[in-house]
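Undergrad: Before we start, here is the structure in question, set down as structure tokens.
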Amino acid sequence: MAKSIDSKLHIVMFPWLAFGHIIPFLNLSNSLAKKGHKITFLLPKNTQIQLPNLNQYSNLINFHKLTIPHVHGLPYGAETTADVPTSLESLLAIAMDELYDEIKCFLENLRPHFVFFDFAYWITDIALEIGGIKTLCYKVVCPATTAISLIRSPDKSTFMQSTAAEKVKPPPGYPSTTVVLHEHEAKLLSFLFQEYGKGVTIYERLKKGMAMCDAIVMKTCREIEGTFGDYIETQFKKPVLYTGPVLPEPEKESLEEHELSNWLEKFEPGSVVFCAFGSQLILEKKQFQELVLGLELAKLPFLLAVKPPEGTNSVEEALPEGFKERVQEKGLILDRWVPQLKILRHKSVGCFVSHCGYGSMWESLALCDCQLVLLPSTSEQTLNARLMEQELKVGVEVEKDENGWFSKENLSKAVKCVMDKDSQIGCFVKENHRKWKEVLSSPGFRSNYIDNFIQNLHELLE
């Protein structure tokens, strides 16, 4: 089955049923299709309409639509995590696992060179039964998360005992002394040991997938996270391949054609604080109020994109008394999707308060010039924030108390720290950000990674 380096590959993509996984898989598909390779993308049948214009090579990327089986307790028609509350995601995982026979039959007929997967660990069993298909576990989270969460302990009780110290000590050989979790942050990783599907945990899904695949693929570059990839390679004793950041291509439409442009244009260049927490995070009402009061306390214009907090029907009903009248035209709060990258690249935006999701981390590092304030909420996001603040030194993390809560004062302090023109810290992180952006956006940097990655795929077939 060996192929010459110029021959074209046929690749199947099967991400977990969440947009935070589907979109990175599709971004990689675009990068591979750009080089002439054929992609078959397994996707819930109604999800395609929610991905406008993201398939940039429809002649080479074919969406194969899956009908997600109905599982008792799931809302009818639920296809992705966006359709269900967190408490029902385990049922969605059961539905995905029930696709086993259908996907096996499909792959027997298709016979691709590779299948990329993440949560569907059983893809490796199918490939072994069929023969001649290589499986790649594609990690769309930071390697530090994989290293510290999956290469620690085989059960929840042992893991939780290990959080007793002030800081969770990295496992032997772990490549960093700074990208670690405090006790209250490490406890967030306990979700790994909750049932996620029928008789299987997230921990088991990820560990089995990485143990049984032919190679592990990382959505990162060696320059930033290579030491973590090296560590994972030694632990699993198989190749770790790098795709580079795999960032989306800039959209042709500018923000000037978007309604938000008129609002942003009212403010001086580099003066607006943009705060966004992704499509999944729902804050508790108390934290939501600290957030908006902290933005007000910073005394800068701000744009906040956030979901209504827990127990409320709208953002407006959760606002502190008198807040709306005080901020008036200086603050805009939206509870709907906004074009994040376009906003970050607008000349009026000077600061990005981010939840540090992996996609947002790369966008803020490589595609914008904003000052970065880091406000993570999950253990994975916290590791991303530590990487950016302590390793890359490109942003400032908001201080939290021992329970993981932030105050309006600490949020305001972090924003002022990076936005004050006379701040030494602000100047320091801005210069480091500039240097990293220069590296990541240099001509050929990302395309060279894809070329090398494709060469690695051909070598796996030899």
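Undergrad: Name the aspartates and glutamates eligible as straight-distance cross-link partners of residue 34: C-alpha to C-alpha under 12 Å, and not fewer than 8 places from it in the same chain.
TA: 249, 451
Undergrad: If you don't mind, another one. What are the trypsin sites (Lys or Arg not before Pro) within the stretch 203-254 that DSSP puts in a loop, where the Cβ has at most 14 other Cβ atoms within 10 Å?
TA: Details: sites: 205, 207, 208, 219, 222, 237, 252; in loops: 219, 237, 252.
For trypsin sites (Lys or Arg not before Pro) across the stretch 203-254 that sit outside H, G, I, E and B with at most 14 neighbouring Cβ atoms in 10 Å, the list reads 237, 252.
Undergrad: Now for a different question. Compute the angle between helix 445-460 and the longest alpha-carbon principal axis of the chain, please, reported from 0 to 90 degrees and rounded to the nearest 10.
TA: Taking Cα atoms only, the helix is inclined about 20 degrees.
Undergrad: Non-local amide H neighbours of residue 333 (under 5 Å, H modeled in plane, Pro and chain starts lacking H): which ones?
TA: Answer set, sorted by chain and number: 304.
Undergrad: Which aspartates and glutamates have a Cα less than 17 Å from the Cα of residue 435, not counting those fewer than 8 places away in the same chain?
TA: 223, 225, 363, 369, 389, 391
Undergrad: Right, something else. Between residue 351 and residues 5 or more places away or on another chain, which pairs have amide H atoms under 5 Å apart, with H built 1.01 Å from N, and which residues are they?
TA: Amide H to amide H, under 5 Å and 5 or more residues apart or across chains, residue 351 pairs with 272, 274, 371.
Undergrad: Which three lengths, in whole Å and largest first, does the stretch 187-234 cover when its Cα atoms are put on their principal axes?
TA: 38, 28, 18
Undergrad: Further, regarding this structure: Using θ = phi - 60° and the Karplus form 6.51 cos²θ - 1.76 cosθ + 1.60, what ³J(HN,Hα) does each residue of the stretch 417-425 get, whole Hz, x for Gly and Pro?
TA: 4, 8, 8, 5, 4, 9, 6, 5, 5
Undergrad: Using DSSP loop states and a limit of at most 10 other Cβ atoms within 10 Å to flag chymotrypsin sites (Phe, Trp or Tyr not before Pro), what is the longest stretch of the chain containing no flagged site?
TA: Numbers: sites that count: 76, 337.
In the chain, the maximal stretch lacking such sites is 77-336.
Undergrad: Distance cut-off 20 Å, Cα to Cα: go down the list 330/416; 8/45; 8/437; 347/430; 139/208 and report the pairs above it.
TA: Working: 330/416 17 Å; 8/45 27 Å; 8/437 32 Å; 347/430 16 Å; 139/208 13 Å.
From 330/416; 8/45; 8/437; 347/430; 139/208, over 20 Å: 8/45; 8/437.
Undergrad: Tell me the trypsin sites (Lys or Arg not before Pro) within the stretch 371-436 that lie in a loop according to DSSP and have at most 10 other beta-carbon atoms within 10 Å.
TA: On the way: sites: 386, 393, 400, 408, 413, 416, 421, 430, 434, 435; in loops: 393, 400, 421.
Filter output for the stretch 371-436: 421.
Undergrad: Please give the direction-averaged projected area of the C-alpha convex hull for the stretch 255-440, in square nanometres with one decimal.
TA: Working: hull surface 40.8 nm².
Computed as one quarter of the Cα hull surface, the answer is 10.2 nm².
Undergrad: Using the charge dipole of the chain (Lys, Arg: +1 at Cβ; Asp, Glu: -1 at Cβ; taken about the Cα centre), state which of 73, 441, 262 has its Cα farthest towards the positive end.
TA: 441
Undergrad: Let me ask you something else. Per residue of the chain, what 222 nm ellipticity follows from adding -39500 (n - 2.57) for every DSSP H run with n ≥ 4, rounded to the nearest 500? The partial results should precede the final answer.
TA: Values: 19 runs with 182 residues, N = 462.
Estimated from H runs of four or more residues: -11500 deg cm²/dmol.
Undergrad: Still on this structure: What number do you get for the stretch 366-462 when its Cα radius of gyration is normalised by 2.2 N^0.38 Å, N = residues? Walk me through the numbers on the way to the answer.
TA: Working: Rg = 17.6 Å, N = 97, 2.2 N^0.38 = 12.5 Å.
So the stretch 366-462 has a normalised radius of gyration of 1.41.
Undergrad: By the scheme Lys and Arg +1, Asp and Glu -1, what is the net charge of all other residues having a beta-carbon under 13 Å from that of residue 276? Write out the running numbers ahead of the final one.
TA: Values: positive: 307, 336, 342; negative: 335, 363.
Net local charge, residue 276 excluded: +1.
Undergrad: May I ask for the net charge around residue 110, where only other residues with Cβ less than 14 Å from the Cβ of residue 110 are counted and Lys, Arg are +1 while Asp, Glu are -1?
TA: Details: positive: 38, 104, 111, 134; negative: 102, 108.
With Lys, Arg at +1 and Asp, Glu at -1, the neighbours total +2.
Undergrad: For the chain, what does the equivalent ellipsoid look like in terms of its semi-axes, each the square root of 5 times an eigenvalue of the Cα gyration tensor, given largest first in whole Å? Before the final figure, lay out the partial values.
TA: Numbers: eigenvalues 258, 120, 111 Å².
Semi-axes (√(5λ), whole Å): 36, 25, 24.
Undergrad: Under the rule of at least 5 residues apart or a separate chain, name every residue whose amide H is placed under 5 Å from the amide H of residue 244.
TA: 220
Undergrad: Same structure, new question: Within a Cβ distance under 13 Å of residue 417, other residues only, what is the Lys/Arg minus Asp/Glu net charge? Mind dumping the intermediate values first?
TA: Details: positive: 413, 416, 421, 430; negative: 389, 397, 399, 409, 420, 422.
So the environment of residue 417 carries a net charge of -2.
Undergrad: If you don't mind, there's one more thing I want to ask. If you line up the long axis of helix 285-297 against the longest principal axis of the chain, both from Cα atoms, how many degrees apart are they, to the nearest 10?
TA: Taking Cα atoms only, the helix is inclined about 50 degrees.
Undergrad: Rounded to the nearest 20 Debye, what is the dipole magnitude of the stretch 253-368 about its Cα centre when Lys and Arg each give +1 and Asp and Glu each give -1 at the C-beta?
TA: Details: 12 positive and 17 negative charges, 54 e Å.
About 260 debye.
Quick note: the coordinates plus some simple rules give every number you see, no bench work behind them. Please read these numbers as outputs of a predicted model, since none were measured by experiment. Note that each Cβ is placed from the backbone with ideal geometry, even for glycine, and that neighbours are counted across all protein chains shown.
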